[in-house]
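> My questions all concern the structure below.
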């Protein structure tokens, strides 16, 4: 479990460090908001291409192998970001990090799904996904601490040593990898049920990545000091962890009655309300208040969507993760670009309202997916052992 959590934190470290140090990176490399957003989007664009393949590789080679390769790739990416002297070099380093991160989710989900009973899977996946906001916390607190002392380049590059820690921890996982043969008819049957969930992932991920990539930048433009904005962002990461843990606790206890889809829909609707409040907040106390549902629910859904994936594709959790991860990667690829374009052409308010609309669309799609699962012949046998 610890190894899986470490791999999750490391996998998204390049993305969150880009968001935390976005003002310095844009100034040092001469990037516009749209240009920076396009580079950040490249991190997820790679996942769009390789997520399905990564899910297949996870099923064939095992979780330990996937996590080991990912650790090496992210370490190379962090060093490359720190050394980048122009936009092209930064983009290349970010693409390497995005490819490496593609391997972490399928490997982590498969490791947990095959090691834990269904009644503990919700909390386990919540803990796994809570490791991701830890990277946001590290990035947020790195701004006024290490970033102020040694600069953003050295801060980013030195964090590459975490790759060695994860690689060493993954060696034990590789020795215990258990690869289970998959039914060749599983893919087309499950793809139809996972498609709406992947669509919901597109919308929700687009909203969340826009939030993460530009929250600090928009706060600075609103008059907050960069250090204070970084701390605010880190506190938001803590709130996101809390949201994921609460969602996992609810899923493990109430899943048989409410269903994971309704839990996701509820989180996304509350998150949308937070974005709307953030868009119209005119005072700092109100903006801080608005950021609570924004981070808790608008960023607290990630563990639950992976729980739904494992629940709806129990025979091949790594492959199923590849499907939904493709959707989330599409959203991650386009989210920062569109958010940056709206921010540059219109206003921060318009950008936050755009993210609210995405959250509502995600809620609708996941309910559609749940209804499709209920109508699918044999769905009760599919869930045997997956619902308490």
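The values are calculated or read from the model by the stated rules, or taken from the named source; none is laboratory data. Treat the numbers as computed from the prediction; the structure is a model and nothing was measured. We place every Cβ from the backbone using ideal geometry, glycine too, and count neighbours over all the protein chains shown.
> Could we say that residue 304 is touching a residue at least 40 places away in the same chain (Cβ under 8 Å), buried (at least 24 other Cβ atoms within 10 Å of the Cβ), farther than 21 Å from residue 48 by Cβ and within 13 Å of the chain's Cα centre (by Cα) here? Walk me through it before giving the result.
Working: touching a residue at least 40 places away in the same chain (Cβ under 8 Å): yes; buried (at least 24 other Cβ atoms within 10 Å of the Cβ): yes; farther than 21 Å from residue 48 by Cβ: yes; within 13 Å of the chain's Cα centre (by Cα): yes.
It is true that residue 304 is touching a residue at least 40 places away in the same chain (Cβ under 8 Å), buried (at least 24 other Cβ atoms within 10 Å of the Cβ), farther than 21 Å from residue 48 by Cβ and within 13 Å of the chain's Cα centre (by Cα).
> Testing residue 76 on (1) within 28 Å of residue 219 (Cα to Cα); (2) surrounded by fewer than 20 Cβ atoms within 10 Å (Cβ to Cβ), one condition comes back false. Which one is that?
(1)
> Separate question: Please tell me if residue 82 is at pLDDT 85 or above, surrounded by fewer than 24 Cβ atoms within 10 Å (Cβ to Cβ), closer than 12 Å to residue 17 by Cβ and in contact with a helix residue (DSSP H, G or I) (Cβ under 7 Å, 6 or more places away or on another chain).
Numbers: at pLDDT 85 or above: yes; surrounded by fewer than 24 Cβ atoms within 10 Å (Cβ to Cβ): yes; closer than 12 Å to residue 17 by Cβ: yes; in contact with a helix residue (DSSP H, G or I) (Cβ under 7 Å, 6 or more places away or on another chain): yes.
Yes.
> Exactly one of these conditions fails for residue 223: (1) in contact with a helix residue (DSSP H, G or I) (Cβ under 8 Å, 6 or more places away or on another chain); (2) assigned to a loop (DSSP other than H, G, I, E, B). Give me its number.
(1)
> Quick check on my filter: what residues within region 171-201 are closer than 26 Å to residue 71 by Cα, modelled with pLDDT of 70 or more and more than 21 Å from the chain's Cα centre (by Cα)?
Listed by number, the list holds a single entry, 171.
> Restricting attention to region 136-164, which residues are part of a loop (DSSP other than H, G, I, E, B) and touching a residue at least 24 places away in the same chain (Cβ under 8 Å)? Steps first, answer last, please.
So in region 136-164, the residues part of a loop (DSSP other than H, G, I, E, B) come out as 143-145, 159-160.
The answer is 143, 144, 159, 160.
> Within region 207-220, is even one residue at pLDDT below 75, touching a helix residue (DSSP H, G or I) at 6+ places or on another chain (Cβ under 9 Å), surrounded by fewer than 17 Cβ atoms within 10 Å (Cβ to Cβ) and farther than 20 Å from residue 362 by Cα?
no
> Give me a count of the residues in region 205-223 that are touching a residue at least 60 places away in the same chain (Cβ under 8 Å) and farther than 22 Å from residue 333 by Cβ.
Initial filter on region 205-223 (touching a residue at least 60 places away in the same chain (Cβ under 8 Å)): 205-218, 220-222.
Filter once more, keeping what is farther than 22 Å from residue 333 by Cβ: 220-222.
Here the count works out to 3.
> Of the residues 243, 237, which single one is modelled with pLDDT of 80 or more, part of a helix (DSSP H, G or I) and under 29 Å from residue 68 (Cα atoms)?
Numbers: 237 fails: modelled with pLDDT of 80 or more.
Result of the check over 243, 237: 243.
> Quick one: which of 249, 284, 319, 312 is surrounded by fewer than 24 Cβ atoms within 10 Å (Cβ to Cβ) and over 30 Å from residue 33 (Cβ atoms)? Break it down stepwise before answering.
Values: 284 fails: over 30 Å from residue 33 (Cβ atoms); 319 fails: surrounded by fewer than 24 Cβ atoms within 10 Å (Cβ to Cβ); 312 fails: surrounded by fewer than 24 Cβ atoms within 10 Å (Cβ to Cβ).
So the residue among 249, 284, 319, 312 that is surrounded by fewer than 24 Cβ atoms within 10 Å (Cβ to Cβ) and over 30 Å from residue 33 (Cβ atoms) is 249.
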